[in-house]
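Chemist: Before I ask anything, let me first share the structure, which is written out below as structure tokens.
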Amino acid sequence: MEKFQVLRENAKKTVRMADHILTVTYPLLKDPKILVSAAKNIFSAAEQAMTSVLEHERLFKRIPSYQDNFESKFRVFKEKIVPRHNISPGHVKTIRELKDILSAHKESPVEFTRKEKYVICSDDYDMKTLSEKQLKNHLKNTKIFIEQASLLTTKNERIFR
């Protein structure tokens, strides 16, 4: 299997895990800390789908080379792939929001739960919150994005068999 095919399948598996966390585990335990795990899985699935499309396009030499880090991939995706394939700006926004939330979580000195939400504070007390409703919306957008990415990357599937 080509790299983009592996990434595409991994994105589908990861989004199923995130869906399970949000629909089964979280309602059962009601612990807002679980929302961070769901956000990580949703972001991971979206990033893998994005990278799958990038690898597919790079294989056909439609995009320039890029560095293997999120910011470089995201920039090329936003500038080259989104306009060419009419990908919704909402998907780009979802990926960016998830990345910002997870970066804030990583660097946060203070985190706490309040009213079934997980609150992440920065050093100067800028707050980001994670809620079940917000993550379900991100999950829905990510599922749609993964479906679009799958359609894009399976167009020429017969070449790789």
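FYI, it's all coordinate maths here, none of it is from the lab. As the structure is a prediction and not an experimental result, all values here were calculated from the model. Cβ: placed from backbone, ideal geometry, glycine included. Neighbour counts: every protein chain shown.
Chemist: Just one of the numbered conditions (1) crowded, with 21+ Cβ neighbours inside 10 Å; (2) basic (Lys, Arg); (3) over 16 Å from the mean Cα position of the chain (by Cα) is not true of residue 33; which one?
Modeler: So residue 33 meets the others, but not (1).
Chemist: Of a type in the set (Phe, Trp, Tyr), touching a strand residue (DSSP E or B) at 6+ places or on another chain (Cβ under 8 Å) and crowded, with 16+ Cβ neighbours inside 10 Å - does that describe any residue in the range 102-120?
Modeler: So far as the range 102-120 goes, yes, one or more of its residues are of a type in the set (Phe, Trp, Tyr), touching a strand residue (DSSP E or B) at 6+ places or on another chain (Cβ under 8 Å) and crowded, with 16+ Cβ neighbours inside 10 Å.
Chemist: I'd like the residue in the range 123-147 that is in contact with a strand residue (DSSP E or B) (Cβ under 8 Å, 6 or more places away or on another chain) and polar (S, T, N, Q) and, out of all such residues, is farthest from residue 17 (Cα to Cα).
Modeler: If we take residues in the range 123-147 being in contact with a strand residue (DSSP E or B) (Cβ under 8 Å, 6 or more places away or on another chain) and polar (S, T, N, Q), then 129 is farthest from residue 17 (Cα to Cα).
Chemist: Can you go through 92, 76 and tell me which one is touching a Pro at 6+ places or on another chain (Cβ under 8 Å), crowded, with 16+ Cβ neighbours inside 10 Å, in a helix (DSSP H, G or I) and without any contact (Cβ under 8 Å) to a residue 60 or more places away in the chain?
Modeler: None of the other options fit; the residue is 76.
Chemist: I've got another one for you. Can you find, within the range 92-122, the residue that is farthest from residue 72 (Cα to Cα) among those that are among the β-branched types (Val, Ile, Thr) and touching a Ser or Thr at 6+ places or on another chain (Cβ under 6 Å)?
Modeler: Checked the range 92-122; the qualifying residue farthest from residue 72 (Cα to Cα) is 119.
Chemist: Among the residues of the range 100-120, count how many are in contact with a helix residue (DSSP H, G or I) (Cβ under 7 Å, 6 or more places away or on another chain) and within 24 Å of residue 70 (Cα to Cα).
Modeler: Of the residues in that region, 4 qualify.
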